[in-house]
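First the structure, in the form of structure tokens, and then the observations on it.
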Amino acid sequence: MPSDGPVIETRNLTKKYGSFVALDSLSIAVDKGQILGFIGPNGAGKTTTIKILVGLSRPTSGTATVAGIDCAKDARKIKRLLGYMPDTFGSYDNMRVGEYLDFFGAAYGLGRRDRVKRVDEVLETAGAGKFKDLFVESLSHGMKQRVAIARTLLHDPVALILDEPANGLDPQARIEMRGLLLDLAARGKTLIVTSHILPELARICDRCAIITRGKLRAYGTLAEIGRQLSQMRTIEVLLATDRELDRAVEVLRPHVEEKSELTAHPAEYAVRFRTAKPDEELAGALAALVGAKLPVTQFREVQTDLEEAFMTVARSDDDAGAKA
Amino acid sequence: MNPIIRRELLELLRTPKAIAAQIALAVACALLVLLRWPASGVSDLGGARSLQVLRVFGYGLLAGILFLVPAFPATSIVRERIKGTLALLLNSPMTPLSIYLGKLGGTLGFTAILLAVTVPAAAACYALGGSSTSGGVAWLYVVLGVATFQITTLALWISSRATSTDFALRTTYGCVLALALLPLAPYWALQGEASDLLDVAAWLRCLSPVPAVMEVLGHAAVGTHGLGDTGGAIGKFVVLALVFGLAFAWATVAQLRGRPLDRSRAAGVMTQDRSTGSQIFRRLFFLVDPQRRSASMPLFVNPVMLKEFRSRKFGRGHWTLRLIALSAILSLGLCTAAAEGAIGWGIEIIGGALVLLQTAILILFTPSLAAGLISTERENGSWQLLRMTPLSTGKILRGKLLSVVWPLLLLLCATLPGYVFLMTIKPELGPQVVRVVVSLGLTAVFAMLVSAAASCLFRTTAVATAAANLALVGLCIGTLLAVIARDAPFGKSTVEAILTVNPVAAALSAAETPGFKDYDLIPLNWYVVGGASAVLLLFVMVRTRRLSRPD
């Protein structure tokens, strides 16, 4: 495995089913210890990408590599490098959790002694140690998610691909799952996580990829995505009191675009506006506020919200679809 | 109209498979009649020929109902529960009774349509004359209709209590076969004796549809001895089967009215966590202790094979051992009985009974063991996980097939003491026994590969099991019906040619069972069955490789 460079990388990855293009020139890269949030509406091409990465599907063109190994040409090697948790659990009847994990450990070729130790370790890591003697089919959804995570960790893969790991979990389990994923990243595992619970994803991801109709629409950190999606930034001015809000709006008016809407939020002592002006011009706006002796406590850019970014992409995709 | 009937019957009828099934059945019945239709102006006034056709036809339909009907109701409720749609149905304004009637109506409706397709052929037999033995063709349909009701209600009850589709299927097939055969045993043992129990046994016997169909087809006296009264089986069966069916219908509705989804599976106390006394007791009296923490899988054993043993309810070690023990006891019991002269049978009849016992077990249990090998994995989403492991397709397939081979091999070995006993009584039987054992071995391999092929071909275990049963029953039991039609319409050479493809016929012929003694089927039958098995194995390998390849 190369010591530097991305652990997971796709270059111009394309998958066609007849004339239908499921994936169109997707290029992403995830470094060691990073978590990539992979989001998109249903049918966007997320599962197709994941299936190519885990060796269950072949790309029509382009390449996908894990630790430098081609996913299509060396699917067997890939299986040892990746841990994959699909959105379905895949249980076997009449098997206890310990037996279930022991089987997958044996399937991955772990030695008998190592396996016994490893099963206990991964159950502990996933917070599922007390489920070992329970029948798999009797587990609740949240318990199954934990066992599924334990299963993906059994062979100590370098990268994990988790399809909807937080789906159906209660708030406490979701928080615990979040901690678990961050812990795995801290241990040097590279993760690709898909989820529809965007605030949850925003909290753990180093990078995000938004995909619609098989095309990558936005990719990078949340701030980068915000800039990619819109030239407009949201600026927030906080005052020490709500009495001066109207005067602050008046002072800011000449410094923003005509179309831009300046809104006062008395409950938060805040004024917000959206603008495409560069930092130098915004510095002039701040100077004007200070010059007018307004009690400014903060003048800052509001971070783009992942939900907002996703909705922007989805809306532009709908518009493009309608035009087509 | 009940929306469940609309979904389960009308939508099924629109599928090409349903249309193909109806056409195939109609064509098969028409061919059967055409074979016997008088070619010249001479008609068979006695009606013997039409009765022969009706017999082949009637037993074929009964076998079809016993082996095909259970597959669909057996998975009907349990599949809804697994998919989560049972919760939606129970939460809808539909009552448990209407849900049940919908399920029952769907299965009965489709079976009724299939039976209706065969009516013109049966009517032709009636028109040829001679088929009014016990009320005519109409009674055949009444009996088959009631049998369908009886089997469907039993299967739906099992389905309402089962937690997995393959458990429901295996249990249902086991119960249906027990229902068809076990009630015959007490009457068969007691007949000819002046005993009060005989009346009870005569009623009990009529719980099975077999005596009623035999009476309709003029075979009421077949297999009887002494002065037993075998009449009235049809009426008794109709009454008993309706009572039986209604009881199971009530039990299923009660189950649906209760809380069918409110159940958890307790892990129980693990043996290792029990007291020392309890651990010693369990070690002494349990062949395989299901509560003992399993040891880690050894690396030299195929993990897929061990997984199959651990995850199957029926095929788990303790059940397999019980079945094998039962087979060994039955096998030895039959031989001991013959040896002591308690039963005035010959060695050939004992040998035939042994072959039939093994064949029944093989034909019944092999599809239950092998038809879900791949389809169950695909149905519950674990096939994707298996594909993700570094296990090669060959290793997966080997493990799956070995998990069927071992129980079948042990089953075959369980009856070997019986054959050894026969050889001790009559040493010259040695070569004959070897031929029987080889034929039975081939039957087992063939049944396993047919079932495995169905498992690769179909996505759901219910359809795969039904298809495997259809193929095996058609080939191993359907072709045996040709023996009934020997000399009319088929000649000996035709019957022999038909039986050449049947491994069971070869085993019966090798055992020199009465009725099969005259046919010279070995070694041609071995080549045919061996060749077919090789082709099936190749198909299974190619198909499994294709299923595990990247899309």
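The values are calculated or read from the model by the stated rules, or taken from the named source; none is laboratory data. Note that this is a predicted model, so its numbers are computed, not measured. Using ideal geometry, Cβ is built from the backbone for each residue, glycine included, and neighbour counts are taken over all protein chains shown.
Within the range B:284-308, which residues are more than 10 Å from chain A (Cβ to nearest Cβ), part of a helix (DSSP H, G or I) and in contact with a Ser or Thr (Cβ under 8 Å, 6 or more places away or on another chain)?
Once the filter is applied, which keeps residues that are more than 10 Å from chain A (Cβ to nearest Cβ), part of a helix (DSSP H, G or I) and in contact with a Ser or Thr (Cβ under 8 Å, 6 or more places away or on another chain), the range B:284-308 yields only B:305.
If only one of B:499, B:449 is over 16 Å from residue B:521 (Cα atoms), of a type in the set (A, V, I, L, M, F, W, C) and touching a Leu at 6+ places or on another chain (Cβ under 7 Å), which one is it?
B:449
Condition check: touching an Asp or Glu at 6+ places or on another chain (Cβ under 9 Å) and in the same structural domain as residue A:24 (by TED's automatic domain parsing). Does residue A:272 satisfy that?
In short, no.
This table checks each residue for (1) free of Cβ contacts under 8 Å to residues at least 24 places away in the same chain; (2) among the hydrophobic types (A, V, I, L, M, F, W, C); (3) surrounded by fewer than 23 Cβ atoms within 10 Å (Cβ to Cβ); (4) more than 13 Å from chain A (Cβ to nearest Cβ).
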site: B:367; (1), (2), (3), (4): no, no, no, yes
site: B:371; (1), (2), (3), (4): no, yes, no, yes
site: B:381; (1), (2), (3), (4): yes, no, yes, no
site: B:396; (1), (2), (3), (4): no, yes, no, no
site: B:405; (1), (2), (3), (4): no, yes, yes, yes
site: B:408; (1), (2), (3), (4): no, yes, no, yes
site: B:418; (1), (2), (3), (4): no, no, no, yes
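Do we have residue B:39 as at pLDDT below 80 and surrounded by fewer than 16 Cβ atoms within 10 Å (Cβ to Cβ) here?
The answer is yes for residue B:39.
If you scan the range A:141-166, which residues turn out to be crowded, with 22+ Cβ neighbours inside 10 Å and acidic (Asp, Glu)?
The answer is none; no residue qualifies.
Counting just the residues of the range A:250-280 that are buried (at least 16 other Cβ atoms within 10 Å of the Cβ) and either polar (S, T, N, Q) or in a helix (DSSP H, G or I) (or both), which one comes out farthest from the chain's Cα centre (by Cα)?
Applying the filter and picking the extreme gives A:251.
Scan A:14, A:47 and give me the residue that is more than 9 Å from chain B (Cβ to nearest Cβ), within 30 Å of residue B:376 (Cα to Cα) and surrounded by fewer than 23 Cβ atoms within 10 Å (Cβ to Cβ).
A:47
Scan the range A:7-61 for residues that are part of a loop (DSSP other than H, G, I, E, B) and closer than 23 Å to residue A:86 by Cβ and report the count.
Qualifying residue count, the range A:7-61: 15.
Out of everything in the range A:97-124 that is more than 7 Å from chain B (Cβ to nearest Cβ) and charged (D, E, K, R), what residue ends up being surrounded by the fewest Cβ atoms within 10 Å (Cβ to Cβ)?
For the range A:97-124, the residue satisfying everything is A:113.
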